[in-house]
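Written below as structure tokens is the structure these notes are about.
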Amino acid sequence: MTFERNILCIGAGYVGGPTMAVIADRCLRYRVTVVDIDAERIARWNSADLPIYEPGLDDVVRSARGRNLFFSTDIPNGIREADIIFVSVNTPTKQFGVGAGMAADLQYWEKTAREIRHYAESPKIIVEKSTLPVKTAKAMERILNTTRHPVRFDVLSNPEFLAEGTAVKDLVDPDRVLIGSAETPEGIRARDELVRLYTHWVPRERILTSNVWSSELSKLVANAFLAQRISSINAISALCERTEADVAEVAEAVGMDRRIGPKFLNASVGFGGSCFKKDILNLVYLCRSYGLEEVADYWLGVLRINDYQKERFVLNMLKAMFNTLAGKQVTLFGFAFKADTGDTRESPAIFVARKLLEERVRLVISDPKAIRQARLDMQGIEGDIRYEEDPYAAAAGSDAIALLTEWGLYADLDYEKILLSMGKPAFIFDGRNILDHCRLFEMGFNVYAIGKPPLTHFT
Ligand code: UDX
């Protein structure tokens, strides 16, 4: 079969893998190759045991692999053959030098740009998929289009908005696809080429085009707005706990205003995940580097409230349990940063676990998917920690349960049975507001939820 276009993706990670699988699935006349320097990761993409779990991903990969989807470590050849190159390498927060702890670390990304320049023999469209600081495309274009190099490169920005656990759905049915390009005839030609790719399955009106800077910035801003909604409702949860208000009722009333909308208003122990904190820090750094201190402080406030919320959760536990946790057994229900994933990056559970260990609790960590990762996260941290996947075994003998991840299974447990196995008085702290608090209270638990008056049996 002859293919219309050769697509290459550099970086077989969380974004690159699923995105390319869906492109291959929808564009049968495009040949899609995903490359990575990590041979083990590529081997897993070529096996039955994919390196990431996403609902629906196995099916998409299985049907396209070997037909028009390929995984390889041959980066030079991939570059030579490609018409369009997606760059999806990781851009973690910089840990050293200027901007440490805030700015994006662009070393992998720049290395990739140089590699493309080195091996390319024909014109290419380069598509930024990694989340990058505004104006990165310009830098990339400068590296690629040096005067000594005769090959032409057009750089586009096409940020990814997929969330973990719904990656395939988000790709197949996106709210929007954003493509930023230079507003030159060449830039527009390149942009139209990418628009054509997406129109294989995305309605044209959901494909937005803009200049490169708007596109790069929109990605950071989308995540900052989502995180801001959570911090806003979490800030209000603190006020609810001091008054007779219930944060869920407030969120419902506020969210029914169509201008505000109901989503992302679940008060919680705090948000986690690989994107929100990193992208906001990035935004803050960007504002500061342009001298916009007030704007930077405003967005930093979103992270401050998130830290405050995690801190408050542990302080509430301490206060409720008579100001001493030393020697008490506390079981964490959930360690992942959200349900349906084994990912624990920036999970509030890590913070809560550390703080509880500082208070010298005997900690039991339970999670249906993240125990292996939890062990790694807790490596080197001193204290009495036990890992137990089965929630009943994990809760037995505990003085308190702290629910930190909204796994559906935790809402359906037999809490009568759990209560019988616990020390008394028994406490439950629902960091996700997913449990039936009144029922738990009637059973005999002392119940503390986020943004709701506590239900206790103490007079
Ligand atoms: C996020 C964005 O949603 C996605 O568009 C972007 O591309 C990457 O970052 P993800 O990190 O996978 O995706 O998780 P998301 O589902 O957005 O949840 C982030 C965190 O917020 C989780 O810890 C979640 O539990 C928490 N959350 C979410 C709340 O505490 N309350 C809510 O109402 C919603």
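Quick notes on this one:
- Taking every alpha-carbon pair within segment 348-418, the share separated by more than 21 Å comes to 21 percent.
- Largest first, the residues TYR387, TYR298, TYR308 sort by 1.4 Å accessible area into TYR298, TYR308, TYR387.
- As a ratio to 2.2 N^0.38 Å, the alpha-carbon radius of gyration computed for segment 1-85 takes the value 0.97.
- When the convex hull of its Cα atoms is viewed from all sides, segment 10-168 shows a mean projected area of 9.7 nm².
- The length gained on full extension between ALA48 and GLN379, counted as 0.36 nm times the residue separation minus their Cα-Cα distance, comes to 116.2 nm.
- Label zone at ASP74 (point 7 Å along Cα-to-Cβ), backbone N below 16 Å, segment 11-38: 31-37
- Exposure check, 1.4 Å probe, all protein chains in place: CYS287 carries approximately 10 Å² of accessible surface.
- Per-residue surface analysis assigns TYR392 an accessible area of about 60 Å², computed on protein heavy atoms at 1.4 Å probe radius.
- Within the accessible surface of segment 304-420, defined with a 1.4 Å probe on protein heavy atoms only, the carbon and sulfur portion equals 47 percent.
- Normalised per residue, the accessible area of segment 1-69 is 43 Å², obtained with a 1.4 Å probe and no contribution from ligands, DNA or RNA.
- The angle between the Cα long axis of helix 107-119 and the main principal axis of the chain comes to about 20°, on a 0 to 90 degree scale.
- Spin-label model distance (nm) - ASN90 vs VAL221, 7 Å beyond Cα toward Cβ: 2.9 nm
- Overall Cα dimensions of segment 148-213 - principal axes, largest extent first, Å: 45, 23, 21
- Out-of-range pairs (alpha-carbon distance over 29 Å; input LYS94/LYS263; LYS219/LYS319; LYS111/LYS369; LYS94/LYS328; LYS135/LYS278; LYS94/LYS452): LYS94/LYS263; LYS219/LYS319; LYS111/LYS369; LYS94/LYS328; LYS94/LYS452
- Globularity index of segment 228-341, i.e. its alpha-carbon radius of gyration over 2.2 N^0.38 Å: 1.25
- The value of relative contact order for segment 234-352, using C-alpha pairs under 8 Å at least six residues apart, is 26 percent.
- Taken about its Cα centre, the chain carries a charge dipole of roughly 980 debye when the Cβ of each Lys and Arg holds +1 and the Cβ of each Asp and Glu holds -1.
- FRET efficiency for the ARG304 to LYS138 pair, using the beta carbon distance and R₀ = 41 Å, is estimated at 0.85.
- Computed over segment 77-120, the P(r) tail beyond 12 angstrom holds 64 percent of alpha carbon pairs.
- Largest-first ellipsoid semi-axes for segment 263-321, taking √(5λ) over the Cα gyration tensor eigenvalues, angstrom: 27, 13, 9
- Cα Rg, Dmax, segment 165-317, angstrom units: 19.0, 61
- Accessible heavy-atom area order of LYS424, LYS278, LYS219, highest first, probe of 1.4 Å: LYS424, LYS278, LYS219
- Degrees, to the nearest 10: 293-320 long Cα axis against longest axis of the chain: 30 degrees
- For LYS319, the accessible surface of its heavy atoms amounts to roughly 140 Å² (probe 1.4 Å, protein chains only, rounded to the nearest 10).
- Considering every alpha-carbon pair of segment 317-459, the percent of pairs per 10 Å bin, from zero through the bin containing the longest distance, is 12, 47, 35, 5, 0.
- For the chain, calculated [θ]222 nm from helices alone, where every DSSP H run of n ≥ 4 adds -39500 (n - 2.57): -13000 deg cm²/dmol
- Per residue, the convex hull around the alpha carbon atoms of the chain comes to 161 Å³.
- Angstrom value of the Kirkwood radius, inverse mean 1/r, which spans all Cα pairs in segment 314-356: 11.5 Å
- Convex hull volume per residue for segment 392-439, taking Cα atoms only, in Å³: 73 Å³
- Considered as an equivalent ellipsoid built on the Cα gyration tensor, segment 221-289 has semi-axes of 25, 14, 10 Å, the largest given first.
- Computed over segment 244-284, the quotient of the alpha carbon radius of gyration and 2.2 N^0.38 Å is 1.49.
- Relative to the longest principal axis of the Cα atoms of the chain, helix 276-289 runs at roughly 60 degrees.
- Fraction of beta bridges assigned by DSSP in the chain that are antiparallel (%, nearest 5): 5 percent
- Kirkwood Rh and Cα Rg combined as Rg/Rh, segment 410-459: 0.92
- Spin-label model, ASP414/SER274: points 7 Å from Cα along the beta carbon direction are separated by 3.9 nm.
- Here the relative contact order of the chain, from alpha carbon pairs under 8 Å that lie six or more residues apart, stands at 11 percent.
- Taking packing as the residue-averaged number of other Cβ atoms within 10 angstrom, the listed peptides 353-364, 411-422 run from highest to lowest as 353-364, 411-422.
- Residue ranking by accessible heavy-atom surface, 1.4 Å probe, largest first, among HIS437, HIS200 comes out as HIS200, HIS437.
- Pair LYS111, ALA253: separation of 7 Å Cα→Cβ label points (nm): 5.5 nm
The values are calculated or read from the model by the stated rules, or taken from the named source; none is laboratory data. The structure displayed is predicted, hence computed values, not measured ones. So basically every Cβ, Gly included, is an ideal-geometry build from the backbone, and we count neighbours across all protein chains shown. Just so you know, the surface numbers come from the protein's heavy atoms only, side chains and all, with ligands and any DNA or RNA stripped out. Shrake-Rupley method; radii C 1.70, N 1.55, O 1.52, S 1.80 Å.
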